[in-house]
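Data block below; observations after.
We did not get these values from a lab; they are worked out from the coordinates using the rules stated. Here the structure is a predicted model, which means the values were calculated and not measured. A quick note on method: Cβ atoms are made from the backbone with ideal geometry, for glycine too, and the neighbour counts reach across all protein chains shown.
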């Protein structure tokens with residue numbers, strides 16, 4: 001996948017009982033390993049989420065909680 005294919009990449013995390021979201025650079029989604037590493041950098045209670053949009057027709061949601069990684073793609 002080329003970086004130009006990526007519409008946006010966002011990390012979401014819960015800290016102090018409040019959700020926050022932060023945009024990530026498209027290069028963070030060049031590989032699953034890069035994305036996991038980028039999402040893990042944020043503090044989070046119970047895991048962090050990543051949202052990626054590709055070509056306005058594909059969505060990827062990733063949840064990283066410790067060593068557990070789950071991916072959903074539509």
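If you check every pair at least six apart or on different chains, which have Cβ atoms under 7 Å apart with a residue in segment 44-63 that is in contact (Cβ under 8 Å) with a residue 60 or more places away in the chain first and a residue that is part of a loop (DSSP other than H, G, I, E, B) and surrounded by fewer than 20 Cβ atoms within 10 Å (Cβ to Cβ) second? Every condition considered, no pair remains. Could you tell me how many of the residues in segment 54-65 are part of a loop (DSSP other than H, G, I, E, B) and in contact with a helix residue (DSSP H, G or I) (Cβ under 9 Å, 6 or more places away or on another chain)? Count: 1. I need the full set of residues from segment 34-53 which are touching a helix residue (DSSP H, G or I) at 6+ places or on another chain (Cβ under 8 Å) and not in a helix (DSSP H, G or I), in order please. Scanning segment 34-53 gives 48, 49, 50, 52. When segment 1-18 is limited to residues that are in a strand (DSSP E or B) and over 14 Å from the mean Cα position of the chain (by Cα), the one that is farthest from residue 45 (Cα to Cα) turns out to be 18. Considered as a group, the residues in segment 45-61 that are surrounded by fewer than 19 Cβ atoms within 10 Å (Cβ to Cβ) and more than 16 Å from residue 74 (Cα to Cα) include one that is nearest to the chain's Cα centre (by Cα), and that residue is 47.
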